[in-house]
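Reading through the structure tokens given below for one structure.
The values are calculated or read from the model by the stated rules, or taken from the named source; none is laboratory data. Note that the structure is a prediction, hence the values are computed from the model and not measured. Positions of Cβ are generated from backbone atoms using ideal geometry, with glycine treated the same way; all protein chains shown enter the neighbour counts.
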Amino acid sequence: MFDFVLKNRKPRNLLLIFEILSIFLLFLFNNNHFDRYIVILFLGLILIVYVSNLVLGKVSSGDNYIFLIVSMLLSLGIITIYRLSPSLGLKQLIWVLAGILVFYITYFAIRAIRKLEYMTTIYLGGSIFLFLITLIFGFKKYGATNWIKITENFTVQPSEFTKILVIFLVASFFTTFNKKLKKLNYKHTSYFMMVVMYIFVMFLFLQRDLGTVAIFMAIYTGIQFIYDDDRKALLVNIGLMLFGAIAGYFLFSHVRVRVDIWLHPWTSQNVINDARQIVQSLFGIAEGGFFGQGIGVGYPSQIPLAYSDVIFSAICEEMGVFAGIGIIMLYMLLVYRSIKIALNQEYTFYRILAIAIGIMFTVQAFLNIGGVIKLIPMTGLTLPFISYGGSSMISSFIALGILQVTSEDLSYKYDRGNGYE
């Protein structure tokens, strides 16, 4: 079997080798007991890698490498989570399968719906609606009030889906709405979108969700830098962001604690409780060395929330720093493909969507990994496609479905000459 895989040298076949070896190590970790849950995990991973990529190659003429990159990230995440907690690993597998289903639904919906660039008010209204229901029905978790309880065992994080609406809102504004305002002789049109974004920031401040603020403002500022001719507005935005960062530090005690832990993790008065996560994270990465302790040999369970916020450390401990570097390179490849897609896309609206999604994945991965290795203060954001969590997984797959559409020739959506260059 390995001979056949190596001779073909297709990326999904090489990924299959990694999964087979990982499942074999899990089998050894379980004292050579090959239970039905490992069989389910193995079959589920094969379904993700082979069937999903095979179907995508048949239905999409766009960039099919982005799904392969994500498949590798998913495999690392599921295997690590299963090793930490078999029940959570199987739940994550279910979330991934649901995410893939949502990916295809998003892909076909975005392909079919025309004039998405004109729906600015819908994106704005949907975003405000999600913010309002979070303020009304949300409950506090890990310092932020950004979760809604649907049932006793099922919660949703609406801000994960608001990110998608914000991407559409920014793309729509810079494609059509801004031009309409200029035709009506409105001056300083750049500030209309800025006001909207800082209203969103106000909502997130009320929720104490500053990690999502960073993602929102990175998306907006990145697109503003590329598509806004008003350089003064960009400087105003940067100034307001700096002011907001300072205000957040003084307004929220949990932000000050995180900064204190970042600067003084070993001497912090909160080392036993709050600083334990980053301290154990650094120990785990150091113990892993370059090649790791081996799956099932390390002690990643010593790290609080190792299956979620700090899963990067768990992977480094058991698979090595080289595996961590590999994860960073996979995200770099994903972002590179996003930029390449944007450069090759003919229509401005879809070009902005591709850039914004690339920015979103970049910032979220940087904030998570940077916090785990003590480069920056921890933000509580998950690592896309790897960390445990349903809301994050589904929203990431929605973004991936949009990116897949933007990688295709979309001239069928427009009459020639009516596209937006």
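What the table shows:
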quantity	calculated
Residue match in region 228-237 (condition: surrounded by 19 or more Cβ atoms within 10 Å (Cβ to Cβ), modelled with pLDDT of 90 or more and under 18 Å from residue 364 (Cα atoms))	no
Selection status of residue 202, farther than 30 Å from residue 308 by Cα and out of contact with any strand residue (DSSP E or B) (no Cβ under 8 Å at 6 or more places or on another chain)	no
Residue 386 being within 25 Å of residue 114 (Cβ to Cβ) and buried (at least 24 other Cβ atoms within 10 Å of the Cβ)	no
Per-region count, region 288-334, residues in a helix (DSSP H, G or I), crowded, with 21+ Cβ neighbours inside 10 Å and at pLDDT 85 or above	14
Test: residue in region 335-344 that is in contact with a Gly (Cβ under 9 Å, 6 or more places away or on another chain) and charged (D, E, K, R)	yes
Candidate set: region 117-128, residues that are crowded, with 19+ Cβ neighbours inside 10 Å and of a type outside the set (D, E, K, R); chosen: the one modelled with the lowest pLDDT	120
Count - residues of region 129-185 that are part of a helix (DSSP H, G or I), touching a helix residue (DSSP H, G or I) at 6+ places or on another chain (Cβ under 7 Å) and at pLDDT below 80	1
For residue 61: the one exception among (1) touching a helix residue (DSSP H, G or I) at 6+ places or on another chain (Cβ under 8 Å); (2) at pLDDT 75 or above	(1)
Failed condition for residue 141, given (1) surrounded by 14 or more Cβ atoms within 10 Å (Cβ to Cβ); (2) free of Cβ contacts under 8 Å to residues at least 60 places away in the same chain; (3) of a type in the set (D, E, K, R)	(1)
Answer residue from region 66-114, given it is charged (D, E, K, R) and either modelled with pLDDT under 90 or buried (at least 24 other Cβ atoms within 10 Å of the Cβ) (or both) and is nearest to residue 26 (Cα to Cα) among those	83
Selection within region 99-115 - within 17 Å of the chain's Cα centre (by Cα) and either over 16 Å from residue 50 (Cα atoms) or of a type in the set (Phe, Trp, Tyr) (or both)	102, 103, 106
Filter pass, residue 215 being assigned to a loop (DSSP other than H, G, I, E, B), buried (at least 18 other Cβ atoms within 10 Å of the Cβ) and touching a helix residue (DSSP H, G or I) at 6+ places or on another chain (Cβ under 9 Å)	no
